[in-house]
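Structure record follows, encoded as structure tokens.
Since every read-out is calculated from the coordinates, none of them should be taken as a lab result. Small disclaimer: the values here were computed from a predicted structure and weren't measured. Backbone-built Cβ (ideal geometry, glycine too); neighbour counts: all protein chains shown.
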Amino acid sequence: MTGPNVSPVVAAPDDSAAGPLVVACLRITDLRATVDPLDGSISRDPLGVGLSPADAAGLEQALRMAESWDGRVVAVAVGPESIDPILRDVAALGVTVVRVPSAHDSDGHRYVAELAEDEHGLAETVLAAVRPFGRPVLVVCGDRSVDRGTGALPAFLAHELGAAQALGLVALRSDGPEAVVVERRLDAGWRERLRVLLPAVCSVEGAGVRLRRASLAGALAVADAAVPVDRSTGRTAAGSAAGTGVLHIGATRPYAPRTRVIPAPEGHDPRLRLLALTGALVAHDPPTVVHPADAAEAADVLLSFLARHGYIDAEDVAPEAGAP
Amino acid sequence: MPEPRTDVAAFDAVVVGAGPAGASAALALARAGRSVVLVERGPFPGSKNVYGGVVYGRVLDGIIPGWWDEVPVERWVVRRSTVMMTGTQSLSVDFRTDAWGAAPYNGMTTLRSHFDAWLAGKATEAGARLVTSTVATGLVRDGAGRVVGVRTDRDGAELHAPVVIACDGVNSFLAKEAGLLSRAEASHHTLGVKEVLDLPPGAINERFGVQDHEGVDMEILGCTRDIPGGGFLYTNADSVSIGVVLSLPQLAASGVRPEELVADLKAHPTIAPLLRGLTLREYSAHLIPEGGYDTMPALAADGLLIAGDAGAMTLAAGLWLEGVNFAIGSGYAAGQAVDRALTAGDCTARGLASYRADLEGQFVLADHKRLRKAPSLVLSDRVQQRYPGLLCDLAEGMFTVTNPTPKAGGLKVTRAAAARHGVTLRQLAGDTLRGLRIFG
Amino acid sequence: MSGPAPGRSPWDGISFEERMATVDFRVGARAHIAVDAEVCRSCTTKACVSACPANLFAPTSDGGILFNYEECFECGTCYMVCDSEGAITWTYPDGGHGVVFHHG
């Protein structure tokens, strides 16, 4: 073989000399997963797996932050073997990847059951998988996964790390070795700028940055590499779900508003009862038909109609020059 | 993770395209101990590929013995129907055999995202390096003009090798750049549009009269209005593939939208009951090179071979519609030819000439050569526009009971049907002879 | 042979958008199709408009062509049926992007 050397994507040992550790926490799943509206079962196609826009932006932000600190990036994802091709693509960017096995296969899960999974346990498992690489100064998550979930994972990660947390970010930059400055959207096009002390867990929106492409050398290097699987905790991520869930969702039923009782109309004649019930003989305002000559006149007619019926104040339609 | 900081990587061979041709070429080379890189522009092998339904596996016997035990099959085809239709009639020749439903099998339906990935997996198991999500944007040549690699869209980084095998499909930009393929000729191509419709396995078995794992292949003529082409319907494990194949120039001239013609076919009284109530799972479209042997490009240049659809190796000869098997056959032969050329140290067009000789000696080019006149006959006006109706009318004339009028003789019915469709008996006899000469 | 009567088959009821929504498109940042509308203005056939299976080309009132690239099957029909050299420039989308067939 004359090709370049292949190195498997082995987990690097804890090497603090390699600079601060940035963790990209990815949820790699079918980007077009569907939930059956009748029984709530989820279908995921292993061929559809990929990085969601939010996760891709998160990974790019993690890479940029690591570059600005001369640090390194570890990407961790929970999932079955079918997500390995995507992790390999991530590894081609020079990122160390680790997969936490999941009992989830591609199919047959209930959405409600997944919602009730133990996110706290999941956060512990994810951090246990990262621990061999050192203590993260920054964890970046996508703020929204395509197949939803509770969105509670970043909060549990922050809790476990004793870190600050910021959500819904569109920009991220380092502010010295102690902090990051982040931006998030507010209403009316405003943005809020926050200084977040490290360690921090930041969730970013799928906006603002585009994930870079791996170099050809990087792609070649990982072409047949194995993705390391973390079994340090001896349990799979979803294995912790049953029984220990902190979120309990019971059976759901359709919303059925209470019936409103209307008294039966008085009278002996069925015709009169029917008339009373339908209000057919009650006088109503006839519809107003207007056909004014020009637009200004039409506007005045409409405004006076609205004023007459109390939709607008009468003084708002105070006649200007030439109004009736 | 250490990352080589060069923009050039060198191999014994670069194979572009991880479809059946490229995967087979890479497999042959990897088995010969060569270092080979397989470049795929999609996120996984098969992600850009669509086919008209049946893979004939005989070609795999010599390459992957016992392939049928592991191939990702949807259904084994045991029923093959050839259907002629008009707007209101249809005439089927329906063949069924148990022989095709047991090893070594004949044809199968599969999904390309599964099949191509399986075949590429064989290549990587043998040692080929697969790089996905990477486009080969152009050829790299040395001072003498010989091809010595490809440029990729990953920052323009290059893959170098003494030989490049271009298996980059029907649009093959590499073959065009090398001058092997002239400007794309619409008349040598057809457009296939396909719908995959959900249908539970039990319902497939009931509607198509098959057992589990058994499948049906229907080839349909006369369902494409004035546009030369045909239709197809195949059963997958839990879905049905239906579509039409349309000659490009006439499609363009007609102004008809392709999906309209699929809707036509689905609404035909013969097809509609089979598909009642189904929902669309995926719509797709792809070009097919249908020019046949006479339009095939030269298959080798200095440092370059082409295989599969890039070399127009799709057999669209009416009775036979095959492509994946030709891709596998040509790809594997290309890999072996490159291995021989590397051993001999001569990767010029002359050194690679054993590729074409090999293909001529086996089914890949032998079939194409024997059926070289078939595309023009199959796409001819009479076969497309007149014979389906003629044959349907003939059947209707023979089988309609006309009491109390006495039955008409066969010749009279034939003459009447021929006249109604503007075909003389002389033309009919002539085309029959032509067909016998081509297919016989 | 004319088209099916309206409403004859229930599945024809799906809109073109619903049809395209069944396909997995991973849209890249770079448009892989380019159309020179100047050339199109002199084109009388505009074959790309009806032949494109993804319906990506739309004629404009000034005789040009408006095109989309996002939901492209990457089949090549458009440039092959195009009469005028150079009107449609068509390449593959960037690696990993574009259409992804699951049931091809």
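Tabulated values for the structure
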| read-out | value |
| --- | --- |
| Fraction of the pair-distance distribution of region C:35-92 above 14 Å, Cα-Cα pairs, percent | 45 |
| Pairwise label distance in nanometres, C:A21 with A:R308, each label 7 Å out on the Cα-Cβ vector | 4.5 |
| Theoretical gain in end-to-end length, B:S376 to B:A344 [0.36 nm per residue, Cα-Cα removed] | 7.5 nm |
| Bins of 20 Å, starting at 0 and running to the largest distance - Cα pair percent for the protein assembly as shown | 13, 38, 31, 14, 4, 0 |
| Separation of the B:A253 and C:L66 label points, Cα + 7 Å toward Cβ, nm | 3.1 |
| Share of pairwise Cα separations in region B:186-289, more than 21 Å, in percent | 33 |
| C-alpha long axis of helix B:324-344 to longest principal axis of chain B, angle in ° | 30 |
| Rounded to whole Å, sorted largest first: equivalent-ellipsoid semi-axes of region A:16-240, Cα gyration tensor | 26, 21, 18 |
| The protein assembly as shown - share of DSSP beta bridges that are antiparallel (%, nearest 5) | 60 |
| Stretchable slack from B:T405 to B:E70, in nm (0.36 nm times residue separation minus alpha-carbon distance) | 114.6 nm |
| Separation of the B:F95 and B:W320 label points, Cα + 7 Å toward Cβ, nm | 1.2 |
| Added length on full extension, which subtracts the Cα-Cα distance from 0.36 nm per residue, A:A171 to A:A295 | 39.7 nm |
| Dmax and Rg, reported as Rg then Dmax, of region B:380-439 (C-alpha, Å) | 12.7, 43 |
| Space enclosed by the convex hull of the alpha-carbon atoms of chain C, per residue, Å³ | 145 |
| GNM top mover of B:A353, B:A144, B:A419 - chain B, alpha-carbon springs below 10 Å | B:A144 |
| Too-long pairs where the Cα-Cα distance tops 30 Å, listed order kept, from B:K176/B:K373; B:K369/B:K412; B:K122/B:K194; B:K266/C:K46; B:K176/C:K46 | B:K369/B:K412 |
| Alpha-carbon centroid distance for the pair region B:301-369 / region A:56-100, whole angstrom | 41 |
| Aspartates and glutamates whose Cα lies under 18 Å from that of B:K407, excluding same-chain neighbours fewer than 8 positions away | B:D393, B:E396 |
